[in-house]
Amino acid sequence: MLVIPPVPPATLTIKPTAGTAGDTFTFTFSGGKPGETVLFEIVRPNGTKFIGSPHTAATDGSVTAMYQTDFAAIVGVYKVLAAGNQGSLAHTDFQLSPATSTTLTQ
């Protein structure tokens, strides 16, 4: 009897998992289908959404994208969904804290 292992589910990782307003976050989607079009949807703490430009999955089914937060961004938990046009789906979140201020002295 031939046993075919199940296809591992798609995953989404975000680095760093927490940061301050103004930081850049790297989204890495894995387990998609080669050539699949993937969109990242970001739900801000106040419920508003941002949908980024489409990305094409590499031959290994992965996509990497950067998300730059604004210094005045809403603080809290941001939920991120990666959805492919061939059915791949993964989600996770990251935490955003207020930007830190720096005082320059002469």
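Quick note: the coordinates plus some simple rules give every number you see, no bench work behind them. As the structure is a prediction and not an experimental result, all values here were calculated from the model. Ideal geometry is used to build each Cβ from the backbone, glycine not excepted, and the neighbour counts take in all protein chains shown.
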Per-residue Cβ neighbour rank within 10 angstrom, fewest leading, Ile42, Ile74, Ile51: Ile51, Ile74, Ile42
Dipole in debye (nearest 20) - the chain, about Cα centre, beta carbon charges: Lys, Arg +1; Asp, Glu -1: 100
Relative counts (whole %) of C-alpha pair distances in the chain, using bins that are 5 Å wide: 3, 12, 21, 20, 14, 11, 7, 4, 3, 2, 1, 0, 0, 0, 0, 0
Percent RCO, i.e. relative contact order, over the chain, from Cα pairs under 8 Å lying at least 6 residues apart: 33
Exposure proxy order (Cβ contacts within 10 Å, fewest to most) of His91, His55: His91, His55
